[in-house]
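Structure first, then comments.
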Amino acid sequence: MDYEPVIGLEVHAQIRTASKMFCGCSADYANAAPNTHVCPVCLGLPGALPVINQRAIELVAETGLALSCTVNHDNIISRKQYFYADLPSNYQRTQYEDPICSYGFVEIGPDGETRRIGIRRVHMEEDTGKLQHVADGSLVDYNRAGVPLMEIVSEADIRSPEQARLYLQKVRQILVWIGVNSGNLEDGAFRCDANVSVRPTGAEAFGAKVEVKNMNSFRSVERALQYEIERQIGVLKAGGAIDQETRGWNEERGITVGQRSKEDAHDYRYFPEPDIPPLQLEERWLGARAAALPELPDARRERFAQDFRLSPQDAELLTAERATADYFETAAGAAGGQSPKAVANWLTGELFRLLNDTGETLEAATIRLQPEYLGEIAALVAEGTISGTVAKQVFEECFRTGHAPRAIVEAQGLKQISDTSALTLLAREVIAANPKVVDDYHRGRTQSIKFLVGQIMRASKGQANPQIAEKALAEELGATAESA
Ligand SMILES: [Zn+2]
């Protein structure tokens, strides 16, 4: 019997606000000493009253809109009761029956064969503190307690570990793009749990599901799911049954390990938070949220492919991050409509290579190599002012110093030599210096002219116009053949 996996994902994403969800403490705790970003509210002290962070609500609503969800007008914050040392109030403020956003989707996969993955709900909640287990006990840091968080729950529409990875990458891309989340998996600002079950292929009913936790990279999500699917199929094939439980991914051993049996929802004794009134989101306010959204990555990718006649691969690469897309669009504009493809090549080739070498971000390098300059270099090549070889040199100089490309070309006298008489002189020199190659050429190996063009490029330090140089060579070679 064949089995197919059924996967649903829960993403926890920290919301990029200046302060915490229900108090004025700074949410920027990454480099702070333990327990320095705390107050009576986020420490859960008796009598402390929460005040909801409006910016967090705005950002969750914008997330819902970007994920094609319905944003619900009536919202209730609930208390989810459980006792754990990282939760000082013994309950987490979250949303239960009425999430702020519901029934959205994202599309994954290549053009033409995209797959739609449903999003059941997006709700807001507060993060917990952090525990650190040491030799003689456990330490707790409440700096993270109360940081705004949203939970994005997919439908069980995912059918392979690869689709799971693509879905997560797409959700992360959108969140980072609209500025609601840092997208940082390593420090836990974007994290994911997976619900996975298997069922006989073609069956309607779902199998018993297992929740997998502790995956902190896209690769570990893919590996953990692969392992867990095979484990479940193995158990079923051996005549066993799957326990509904929570399992943790062990990265070093490459296996999932049983942690605890899954609680049912009623164990949490949810009830509406009495200290926070129901939130009503007005239509006008929602309209403003929609207006605040930038053009989203899928739409921008399609527009780039169409308007700039880019390949699907180039369009994908250039819209992976918003900073790259913005950079490209400005650079292509500055190239004066000259070959956007050339601008794309400079960006994804040379620029990405240099950023890789220096370890800089695009934003940091933009201070020197402004997008207008990249466009200028492409235009200089297209209008024949500099050769491709010189352009590379100008590009690196511009990347290093931040000087304008035209100024570099002027100051260093790098203009392309397109003057026929100058190139004819060079052609004669090269022909005289390479009798054997010239001989090959006359014996019918016409490709050897490329070598001679290369020699002209070398002699002119890359400044010769290669097309005109080749023409001059062909004419001179014809002349030598006649005189021979
Ligand atoms: Zn606080």
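Some notes on this structure:
- Placing a pseudo-label 7 Å from each Cα along the Cα-to-Cβ vector at Leu354 and Ala411 gives an inter-label distance of 1.4 nm.
- Distance histogram in 5 Å bins (all Cα pairs of segment 207-352, percent per bin): 2, 7, 12, 10, 7, 7, 9, 13, 13, 10, 7, 3, 1, 0
- Each residue of segment 410-415 was assigned a 3J(HN,Hα) from its phi angle through the Karplus expression (A = 6.51, B = -1.76, C = 1.60, θ = phi - 60°), giving 5, 4, 9, x, 9, 4 Hz with x at Gly and Pro.
- Legend: P(r) of segment 185-256 from all alpha carbon pair distances, 10 Å bins from 0, whole percents, reading 19, 49, 25, 6, 0.
- Residue list for segment 210-237, given a label point 7 angstrom along the Cα-to-Cβ vector of Glu251 and an amide N cut-off under 18 Å: 212-228
- Working from label points 7 Å from Cα in the Cα-to-Cβ sense, the Glu4 to Lys341 distance is 4.0 nm.
- Gap separating the Cα centres of segment 57-128 and segment 196-248, nearest whole Å: 24 Å
- Contour minus Cα-Cα distance for Arg428 and Thr36 (0.36 nm per residue): 133.4 nm
- Between the helical axis of 322-334 and the longest alpha-carbon principal axis of the chain there is an angle of about 30 degrees.
- Per-selection Rg to Rh, the chain - Cα, Kirkwood hydrodynamic radius: 1.13
- Axis angle, to the nearest 10 degrees, between helix 388-401 and the longest C-alpha principal axis of the chain: 50 degrees.
- Within the accessible area of segment 153-283 (1.4 Å probe), percent carbon and sulfur: 47 percent
- The residues of segment 299-387 present an accessible area of 46 Å² per residue when probed at 1.4 Å with all protein chains retained.
- Förster radius 35 Å - calculated FRET efficiency between Ser261 and Glu186 (Cβ-Cβ, nearest 0.05): 0.70
- Around Ile431: net Lys/Arg minus Asp/Glu count, Cβ-Cβ under 12 Å: -2
- Residue pairs, from the table Lys415/Lys436; Lys170/Lys341; Lys80/Lys237; Lys392/Lys436; Lys392/Lys450; Lys170/Lys392, whose Cα atoms sit over 27 Å apart: Lys415/Lys436; Lys80/Lys237; Lys392/Lys436; Lys170/Lys392
- 3J(HN,Hα) along segment 120-132: 6, 7, 10, 10, 9, 7, 10, 6, 9, x, 10, 9, 10 Hz, from the Karplus curve 6.51 cos²θ - 1.76 cosθ + 1.60 with θ = phi - 60°, whole Hz, x for Gly and Pro.
- From helices alone, the chain scores -12500 deg cm²/dmol at 222 nm; the rule is -39500 (n - 2.57) for each run of n ≥ 4 DSSP H residues, then divide by the residue total.
- 0 to 90° range, to nearest 10: angle between helix 161-177 axis and the chain longest Cα axis: 80 degrees
- Rounded to the nearest Hz, the phi-derived 3J(HN,Hα) couplings of segment 63-77 under the Karplus curve 6.51 cos²θ - 1.76 cosθ + 1.60 (θ = phi - 60°) are 4, x, 5, 5, 9, 6, 8, 8, 9, 8, 6, 9, 10, 10, 8, where x marks glycine and proline.
- The modelled label-to-label distance for the pair Glu283/Glu302, using points 7 Å beyond Cα in the direction of Cβ, is 2.7 nm.
- Amide H contacts under 5 Å for Ser387: Gln416, restricted to partners 5 or more places along the chain or on a different chain, H placed in the peptide plane at 1.01 Å from N.
The values are calculated or read from the model by the stated rules, or taken from the named source; none is laboratory data. Here the structure is a predicted model, which is why all the values come from computation and not from measurement. In this analysis, Cβ positions are derived from the backbone assuming ideal geometry, glycine residues included, and neighbour counts consider all displayed protein chains. Surface areas here come from the heavy atoms of the whole protein model, side chains and all, with no ligands, DNA or RNA. Shrake-Rupley method; radii C 1.70, N 1.55, O 1.52, S 1.80 Å.
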